[in-house]
Structures are given as structure tokens and as C-alpha cells.
Amino acid sequence: MSQRLRITFSAVGPLKYVAHLDMMRTWERAIRRSGLPLAYTQGFSPHARIALASPLPVGVVGLRELMDVWLDPPAEPAEAARRLRGAMPPGLDIVEVEEVSNALPSLQSSLRSARYEVLLPAARGEAAAVRERVDALLALETLDWEEERGDRTRRYDLRATIDAIAAKERNALLLLTMDLSLAEGRTGRPAQVLRALGLDPDALEVVRTLVRTRAPAETRASSGRNGVEP
């Protein structure tokens, strides 16, 4: 049976502009360069057994992204990490490699939420205005939203995708922290939340600091909506 490794990695610099499918290809090439025995699916058109947790929005830096990789035959996680680090392109780095059970649910189905951070200028009036808009957004039960995606318009409840938002002053900046859902059919998009707060996402650097997964036995109960959990 093939071995399942869960890889935590960062994607910074120019890699924040790499789209999801290109990121998958980048990882497949890096694993091949490392010499690790990547496992493939069976059938007429075999595919590398690689599963990224959640597409990183283009333009967003990722500090603790998750990916599952299957190897056959197995390799020690520490050795796999060492070999991968020697094959990474600039901007892609290994944070951690651990072996997980093949019996676990798929990474995609286990997703719970992601945390995003944005630093803003903290002039007194601007910081107070942002905090007021955060409070007003969190006080809403629903927020009907339209999002243009190519020639299609997506309509949904933006508020339902937000688990928590907090704004705290840090030196001369305001740190905006957003916990957004990754549940199927309820994925939060940081750019849309920033727009709802009256901010221009194209003028800000957004960092995804972590991706949360559910415990295997955890139910899909909604998380708290007041404040940001540690």
C-alpha cells in the first residue's frame, strides 16, 4: 500500500501569482526532481497522487499551506523533507512533513477554515473607521453579495462565509485578521470580504497564515462568530 504524507509548505514571492493548476504542476516537477517515488493512479490515464488542500487565491501569500502526497515505496518523512527542500523552486519551501493514515478522509473534505491577515495604515481616523465597519459587518445576519467571475455572476450570502474578523493596532499599522470558511459551498474569499469593508484588495498584501482541518470525528457544526480563536 502506498504511503500518505501530509506536507505543510509556504508559497511566497512570485509564487503568489501562480494559479492552482500551475501550482500542482510545479509540485509534481519538484517531487520528480527530488527522486521521491511518487505514486500514480491506476487506469488508462494515470495521474500523480497529489492533493492540495484549498486553492490559494492568486496574489495571496501562503505561509502554512497543506498538501497530501502518496509515495510507493514509502520514505521516512524527515528524508522526504530533506530531498524536497533540495528540489524546491524559489518561493516554495517545506515547513513540515508527516505521515498520515490512508484511512483519513480526503484533505478537501476535511477543510474547516483559513486565516488571512492584512496590514493597513493605522492613522487614528482610518483605524477607527475600519473597526466600525468590521463591527457592522459582524452584526449582520446575512449579506447578499454578487461576484463577477468571467462572464458569470455568482450570488451568495457573504456573511455566511465569515467565521470571525478582528482588527488590532500593531505599532503604526492595523492588523486585520479574518477567519473564513472553507466548507464546501461556503468558501470565503478574502478579496470580497475586504471589498465589503470598503477596502481595495488590489492595493493590499493578503497573507494566508494557516489552513484548518476538522478532526475525523468532528461534526460540521458552525464555529463561533464573535472574535477570532487562537
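The values are calculated or read from the model by the stated rules, or taken from the named source; none is laboratory data. Model, not experiment: these values are computed from the prediction. Neighbour counts run over all protein chains shown; Cβ positions are idealised from the backbone, glycine included.
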| said: For region 196-230, which positions are at pLDDT below 55, of a type in the set (S, T, Y) and within 20 Å of the chain's Cα centre (by Cα)? | reply: S222, S223
| said: I'd like the full set of residues that are of a type outside the set (A, V, I, L, M, F, W, C) and either within 21 Å of S106 (Cα to Cα) or in contact with a His (Cβ under 8 Å, 6 or more places away or on another chain) (or both), limited to region 11-21. | reply: H20
| field | For L84: the one exception among (1) of a type outside the set (V, I, T); (2) surrounded by 19 or more Cβ atoms within 10 Å (Cβ to Cβ); (3) free of Cβ contacts under 8 Å to residues at least 40 places away in the same chain | value | (3)
| remark: M1 fails exactly one of (1) among the aliphatic types (A, V, I, L, M); (2) touching a Phe, Trp or Tyr at 6+ places or on another chain (Cβ under 7 Å); (3) over 24 Å from A114 (Cβ atoms), namely (2)
| field | Subset tally (residues that are surrounded by 13 or more Cβ atoms within 10 Å (Cβ to Cβ), part of a loop (DSSP other than H, G, I, E, B) and free of Cβ contacts under 8 Å to residues at least 60 places away in the same chain) for region 10-44 | value | 4
| Going through region 156-185 one residue at a time, which ones are touching a helix residue (DSSP H, G or I) at 6+ places or on another chain (Cβ under 7 Å) and without any contact (Cβ under 8 Å) to a residue 40 or more places away in the chain? | L158
| task | Restrict the check to region 112-129 and report whether at least one residue is in contact with a strand residue (DSSP E or B) (Cβ under 7 Å, 6 or more places away or on another chain) and within 30 Å of A75 (Cβ to Cβ). | result | yes
| Single match in V60, V118 (criterion: within 14 Å of the chain's Cα centre (by Cα), at pLDDT 95 or above and closer than 30 Å to Q192 by Cβ) | V60
